[in-house]
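J.: Have a look at this one.
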Protein chains: 2
Amino acid sequence: MSRDSLQKKLEELRSLIEAELRRLADGRLPDSFYEPVRYTLAGGGKRLRPILVLLSAEAVGGKAQDALPCALAVELMHNFTLVHDDIMDRDALRRGRPTVHVVWDQDTAILAGDGLLALAYQQLFRNPPERLARIGSLFSEGVLRICEGQALDKEFESRTEVSLQDYMEMIEKKTAQLFSVSCGLGALAGGGDERSVAALSSYGKWLGLAFQIQDDLLDVLSPEQISGKPQASDIRRRKKTFLFVHALRTASEAERQWLLRMYASERLPEDAVQRVIQLFESLGAMEQAETLVEDLLAKARQELGSLPETEGVSHLRELTFALAGRRA
Amino acid sequence: MSRDSLQKKLEELRSLIEAELRRLADGRLPDSFYEPVRYTLAGGGKRLRPILVLLSAEAVGGKAQDALPCALAVELMHNFTLVHDDIMDRDALRRGRPTVHVVWDQDTAILAGDGLLALAYQQLFRNPPERLARIGSLFSEGVLRICEGQALDKEFESRTEVSLQDYMEMIEKKTAQLFSVSCGLGALAGGGDERSVAALSSYGKWLGLAFQIQDDLLDVLSPEQISGKPQASDIRRRKKTFLFVHALRTASEAERQWLLRMYASERLPEDAVQRVIQLFESLGAMEQAETLVEDLLAKARQELGSLPETEGVSHLRELTFALAGRRA
């Protein structure tokens, strides 16, 4: 399995997903409700989660086509969380485009998010009756856990300190959960047995944890042209990322106090942002993040080892290597 | 079938629903997410929609118990719309209690609403596999139509005039849809055939339209102690209710211009509110609303005529008479 073959596969699945997403809310009225929904769905992105659904279906020997309703449901649900999270986080940009509550207004964004979740479930119900109960409860429990994760993330805003354990619990719910649900749904839709569903759900969890810690890392490493959002925006918003949590654990008392003071202030001046980055660097936070990402991706690969070797499994393995080097 | 027997039946079903609702989010963490969910579910109310689900199941010869997951799903979904609508409408009170975004904050209310919708679907998936696809698509299409209705209602805020047809389309989606879905789901869960499902869905639609026009009417007629919200609050917020729409159609040109001017102003002084009520009265708007409510309830009863006479049908018929005289 070569890198080129993976890229070709990802492109193929992505076009399939894009075509379906475009059709979903096409022509529905009123525009005041569906226009922001269509705008959101046309926002592009890697479509990583629905791709995981399709690859997981193939990994257990099923057809990608059979997992398409689950793939669309996952992407719609993901977009629902993005639209609502952007309101809560007061984010003005998403993938280089103004967010829904900025283009329209907040009420419109609340409704658009609600609509995306309803559309997600509509897709889910296209699954064959005999699998619906299992698929539906996995999905719904996933939505609840993601909401729990977002609530924890908001809680962190008003706390000064966050332990590594608290942080890991939060990202497991807020980010890793959806990766896990994606792979689990794909395995179910592909007709996998309980063992495969469990293995792929775990694979998704490790992948999702790695993905979030990478995100925390890319926030300081990746320039705006590549990431589509201002560099170090997590620091500017004083978010409790992996880098921050690691720094708190390893800093000297003086550094700790300084960092806590910076994160308690209303607004960070540009030179303070740079000094925070330097502190993270000097405490080895980026290095530590990279090591952890590698470990988590290795754990993800390990889960695949328990499955019969199919082309889908091979693609999922290759994907962990490709993600290791991602820049955006 | 006597009025007393209906009241006893309603009380019995209401306790059943209340007990289940209390258990739903019990003990789940984090509190920052589930506390507002529990607060919302403890808010009481008539529980009319889930009761319609249960009575509709009995109307087609099924057991109320079999329709309980659908009943809970409907009530949870209703509460999801209330929490999000209250944010959009900046409402500070709901059933005499401060709204979620007032007790906590707006972000918490967005998340709580999202959670209520996920919990609703979780209940829905408890239905037997062979009925899930039909139940799920009816429910999801219902959620979308309710969102469409809310979007239309918001659109009306920025329009000066609203035709009777526009108004009826809006309330059919925003209010009547959920009544219709409730009865349709009940019929499905009770094992009714397609004809019964169609008849009960129509029954629910007429009932819902009547209910909304009554709501518009009670806004000016019902004192705060009974309705749980300030009298004439629709007028104060210059909402395009049935009374307003009727007044626009029947007023003299001078009255029309005055009314449009009042509704275009930022804030209505108390004496203007009273003069609007007097204008509605003099144009026969309240009378017209009462007549229309009677007509719609009669149409609802007519739908029941096509069903075999069961105790459930009898309860649903009695309910239309009981609703005719409601004060809150």
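The values are calculated or read from the model by the stated rules, or taken from the named source; none is laboratory data. It should be emphasised that the depicted structure is a prediction, and the values quoted were computed from it without experimental measurement. When we count neighbours, we look across all protein chains shown, and the Cβ atoms used for this are built from the backbone with ideal geometry, even at glycine.
J.: Among the residues of segment A:227-262 satisfying the criterion of being hydroxyl-bearing (Ser, Thr, Tyr) and modelled with pLDDT of 95 or more, which is surrounded by the fewest Cβ atoms within 10 Å (Cβ to Cβ)? Please lay out each step first, then the result.
T.: Here is the first cut: in segment A:227-262, the residues hydroxyl-bearing (Ser, Thr, Tyr) are A:227, A:233, A:241, A:250, A:252.
Subset that is modelled with pLDDT of 95 or more: A:241, A:250, A:252.
Details: A:THR241: 26, A:THR250: 14, A:SER252: 9.
Taking the candidates together, the pick is A:SER252.
Residue-wise test of (1) within 12 Å of chain B (Cβ to nearest Cβ); (2) in a helix (DSSP H, G or I); (3) within 19 Å of A:ALA120 (Cα to Cα); (4) not small (Gly, Ala, Ser).
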residue: A:VAL143; (1), (2), (3), (4): yes, yes, yes, yes
residue: A:GLY149; (1), (2), (3), (4): yes, yes, no, no
residue: A:GLU155; (1), (2), (3), (4): yes, yes, no, yes
residue: A:GLU161; (1), (2), (3), (4): no, no, no, yes
residue: A:ASP166; (1), (2), (3), (4): yes, yes, no, yes
residue: A:ILE171; (1), (2), (3), (4): no, yes, no, yes
residue: A:LYS174; (1), (2), (3), (4): yes, yes, yes, yes
residue: A:LEU178; (1), (2), (3), (4): no, yes, yes, yes
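J.: A:ALA328 is checked against (1) assigned to a helix (DSSP H, G or I); (2) closer than 29 Å to A:GLY96 by Cβ and fails just one. What number does that condition carry?
T.: The single condition A:ALA328 does not satisfy is (1).
J.: Something else about it: Tell me which residues, restricted to segment A:144-179, are closer than 15 Å to A:LYS205 by Cα and touching a Gly at 6+ places or on another chain (Cβ under 8 Å).
T.: Result: A:MET170, A:ILE171, A:GLU172, A:LYS173, A:LYS174, A:THR175, A:ALA176, A:GLN177, A:LEU178, A:PHE179.
J.: Let me ask something additional. Can you find, within segment B:131-140, the residue that is surrounded by the most Cβ atoms within 10 Å (Cβ to Cβ) among those that are within 26 Å of B:GLU172 (Cβ to Cβ) and either more than 7 Å from chain A (Cβ to nearest Cβ) or touching a Leu at 6+ places or on another chain (Cβ under 9 Å) (or both)?
T.: Initially, segment B:131-140 is screened for residues within 26 Å of B:GLU172 (Cβ to Cβ), giving B:131, B:133-140.
Checking which are either more than 7 Å from chain A (Cβ to nearest Cβ) or touching a Leu at 6+ places or on another chain (Cβ under 9 Å) (or both) leaves us with B:131, B:133-136, B:138-140.
Numbers: B:ARG131: 17, B:ALA133: 16, B:ARG134: 17, B:ILE135: 23, B:GLY136: 23, B:LEU138: 20, B:PHE139: 27, B:SER140: 22.
Once the filter is applied, the top-ranked residue is B:PHE139.
J.: Only residues that are in contact with a Phe, Trp or Tyr (Cβ under 6 Å, 6 or more places away or on another chain) and part of a helix (DSSP H, G or I): list them for segment B:6-49, please.
T.: Answer for segment B:6-49, where residues must be in contact with a Phe, Trp or Tyr (Cβ under 6 Å, 6 or more places away or on another chain) and part of a helix (DSSP H, G or I): just B:PRO36.
Residues are listed down the side, and each one gets a yes or a no for (1) part of a helix (DSSP H, G or I); (2) closer than 30 Å to A:THR99 by Cβ; (3) among the polar types (S, T, N, Q); (4) under 21 Å from the mean Cα position of the chain (by Cα):
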{"residue": "A:GLN225", "(1), (2), (3), (4)": "yes, yes, yes, yes"}
{"residue": "A:LEU243", "(1), (2), (3), (4)": "yes, yes, no, yes"}
{"residue": "A:VAL276", "(1), (2), (3), (4)": "yes, yes, no, no"}
{"residue": "A:SER306", "(1), (2), (3), (4)": "no, no, yes, no"}
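J.: Is it true that some residue in segment A:78-96 is out of contact with any Ser or Thr (no Cβ under 7 Å at 6 or more places or on another chain), over 23 Å from A:GLU157 (Cα atoms) and without any contact (Cβ under 8 Å) to a residue 60 or more places away in the chain?
T.: no
J.: While we're looking at this one, here's another question. Return the residues of segment A:263-289 that are under 21 Å from A:TYR167 (Cα atoms) and buried (at least 16 other Cβ atoms within 10 Å of the Cβ); say none if nothing qualifies.
T.: A:TYR263, A:VAL276, A:ILE277, A:LEU279, A:PHE280, A:LEU283, A:ALA285, A:MET286, A:GLN288, A:ALA289, listed by residue number.
J.: Based on what the data block shows, is B:ALA199 buried (at least 19 other Cβ atoms within 10 Å of the Cβ) and touching an Asp or Glu at 6+ places or on another chain (Cβ under 7 Å)?
T.: Here the answer is yes, as B:ALA199 does meet what is asked.
J.: Further question: Would you confirm, using the coordinates I've provided, whether B:ASP234 is in a helix (DSSP H, G or I), of a type in the set (Asp, Glu), over 14 Å from the mean Cα position of the chain (by Cα) and closer than 18 Å to B:LYS154 by Cβ?
T.: In short, yes.
J.: Out of A:LEU217, A:LEU185, A:LEU152, which single residue is closer than 30 Å to A:GLY61 by Cα and within 17 Å of the chain's Cα centre (by Cα)?
T.: A:LEU185
J.: Out of the residues in segment A:120-130 that are assigned to a helix (DSSP H, G or I) and more than 7 Å from every other protein chain (Cβ to nearest Cβ), state the one that is nearest to B:MET88 (Cα to Cα). Step through it out loud before you land on a result.
T.: Residues of segment A:120-130 assigned to a helix (DSSP H, G or I): A:120-124, A:129-130.
After this cut, where a residue has to be more than 7 Å from every other protein chain (Cβ to nearest Cβ) as well, the list is A:120, A:123-124.
On the way: A:ALA120: 23, A:GLN123: 27, A:LEU124: 28 Å.
Checking each candidate, the answer is A:ALA120.
J.: Return the pairs, sorted by first residue and then second, in which the second residue is among the basic types (Lys, Arg), the first residue lies in segment A:281-294 and is without any contact (Cβ under 8 Å) to a residue 40 or more places away in the chain, the beta carbons are less than 6 Å apart, and the residues are 6+ apart or on different chains.
T.: Pairs that qualify, where the first residue is without any contact (Cβ under 8 Å) to a residue 40 or more places away in the chain and the partner is among the basic types (Lys, Arg): there are none.
J.: Taking the stated definitions as given, is B:LEU55 part of a helix (DSSP H, G or I) and more than 24 Å from A:LEU111 (Cβ to Cβ)? Show your work before the answer.
T.: Details: part of a helix (DSSP H, G or I): yes; more than 24 Å from A:LEU111 (Cβ to Cβ): yes.
Against the criterion (part of a helix (DSSP H, G or I) and more than 24 Å from A:LEU111 (Cβ to Cβ)), B:LEU55 qualifies.
J.: Is it true that A:GLU58 is at pLDDT 95 or above, over 20 Å from A:LEU200 (Cα atoms) and not hydrophobic (A, V, I, L, M, F, W, C)?
T.: Against the criterion (at pLDDT 95 or above, over 20 Å from A:LEU200 (Cα atoms) and not hydrophobic (A, V, I, L, M, F, W, C)), A:GLU58 does not qualify.
J.: So which residues in segment B:72-109 are within 10 Å of chain A (Cβ to nearest Cβ), of a type in the set (Asp, Glu) and either crowded, with 24+ Cβ neighbours inside 10 Å or in a helix (DSSP H, G or I) (or both), if there are any at all?
T.: Within segment B:72-109, B:ASP85, B:ASP107 meet the criteria.
J.: Given the structure, is A:ALA112 in contact with a Phe, Trp or Tyr (Cβ under 8 Å, 6 or more places away or on another chain) and either within 12 Å of chain B (Cβ to nearest Cβ) or of a type in the set (Ser, Thr, Tyr) (or both)?
T.: Yes.
J.: For the structure I just gave you, tell me whether A:ALA247 is more than 30 Å from A:VAL197 (Cβ to Cβ), in contact with a Phe, Trp or Tyr (Cβ under 8 Å, 6 or more places away or on another chain) and either in a helix (DSSP H, G or I) or not hydroxyl-bearing (Ser, Thr, Tyr) (or both).
T.: Details: more than 30 Å from A:VAL197 (Cβ to Cβ): yes; in contact with a Phe, Trp or Tyr (Cβ under 8 Å, 6 or more places away or on another chain): yes; either in a helix (DSSP H, G or I) or not hydroxyl-bearing (Ser, Thr, Tyr) (or both): yes.
In short, yes.
J.: Testing B:ARG23 on (1) at pLDDT below 95; (2) under 23 Å from B:LEU138 (Cα atoms), one condition comes back false. Which one is that?
T.: Among (1) at pLDDT below 95; (2) under 23 Å from B:LEU138 (Cα atoms), the lone unmet condition for B:ARG23 is (2).
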